[in-house]
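Below is one structure, written out as structure tokens; the observations come after it.
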Amino acid sequence: VPTIDAGEWKGVVAGRNLTLADLEAMPQDTFPAILDCTGGWYSEQEWTGVRLDRLIDPVSNRSFVAWSATGYARRFPIADLESTWLVTRLGGEPLSPGHGFPARIVAPARRGFWWVKWVTRIEPSPVPWWLQSPFPLT
């Protein structure tokens, strides 16, 4: 679990540097979502964050990629912008380090390995989303 200082964190979203305060000052949604882990368990929780279609313009792009501080990344179809959030809160409280503090992806229609933790960057891309392994290789 990475140790990330909230005051030092900057997330780059579509070329914009955002601090945690910037992200939390944006219009937020609070919504229930089930985290369905490939390991066989699931949990329904209430998440709060910014829907990605408010941060990324889909024009001329086929996908977007979310990167973690750990180096992990997932590429999503551009159509998922409307159903994917960059969240900072779980159950009304800031994310814990184990849940991806300071920000993580919540993609309710996707399995848990798509829910990138410790997000450092999200960028639109002209590359199709399926040009990646269907499951993480590590």
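Give me the mean projected area, in nm² to one decimal, of the convex hull enclosing the Cα positions of the chain.
On the way: hull surface 31.2 nm².
Mean shadow area of the hull around the Cα atoms is 7.8 nm².
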Completion exercise
Residue-normalised value, i.e. accessible area per residue, for segment 76-134 at 1.4 Å probe, in Å², stands at 41 Å²
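What FRET efficiency would be calculated for the residue pair residue 132, residue 43, taking the C-beta separation as r and a Förster radius of 30 Å, to the nearest 0.05?
Details: r = 26 Å, r/R0 = 0.86.
With a Förster radius of 30 Å, E is 0.70.
Over the chain, what percent of the accessible surface lies on carbon and sulfur atoms, probe 1.4 Å? Let's see the in-between values first.
Values: 3950 of 7140 Å².
Using a 1.4 Å probe with all protein chains present, the chain comes out at 55 percent carbon and sulfur.
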Problem - residue 78 accessible area, 1.4 Å probe, all protein chains in place, Å² to nearest 10 - result: 30 Å²
Handout entry: Rg/Rg_globular for segment 1-44, with Rg_globular taken as 2.2 N^0.38 Å and Rg from C-alpha atoms
Key = 1.59
Problem - Spacing of the two label points (7 Å from each Cα toward its C-beta) at residue 125 and residue 10, in nm - result: 2.3 nm
Completion exercise
Of the candidates 88, 100, 136, the farthest towards the positive dipole end of the chain (Lys/Arg Cβ +1, Asp/Glu Cβ -1, centred on the Cα centre) is 136
Fill in the blank from the handout: Those chymotrypsin sites (Phe, Trp or Tyr not before Pro) from segment 5-98 that are DSSP loop and have at most 11 other Cβ neighbours within 10 Å turn out to be 41
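Mind putting a number on the dipole of the chain about its Cα centre? Charges go on the C-beta only, +1 for Lys and Arg and -1 for Asp and Glu, and I need it in Debye to the nearest 20. Walk me through the numbers on the way to the answer.
On the way: 13 positive and 14 negative charges, 88 e Å.
Computed charge dipole of the chain: roughly 420 debye.
Could you compute the net charge surrounding residue 130? Neighbours are other residues with a C-beta less than 10 Å from the C-beta of residue 130; K and R count +1, D and E count -1. List each step's numbers first, then the result.
Details: positive: 62, 75; negative: none.
Residues close to residue 130 contribute a combined charge of +2.
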Handout entry: Local net charge near residue 120, Cβ-Cβ under 15 Å (Lys/Arg +1, Asp/Glu -1)
Key = +2
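The values are calculated or read from the model by the stated rules, or taken from the named source; none is laboratory data. Predicted model only: the values in this text are computed from it and were never measured. Quick reminder, even Gly has a Cβ in these numbers, built from the backbone with ideal geometry, and neighbours come from all protein chains shown. Remember, those area values only see protein heavy atoms, side chains included, never the ligands or the DNA or RNA. Shrake-Rupley method; radii C 1.70, N 1.55, O 1.52, S 1.80 Å.
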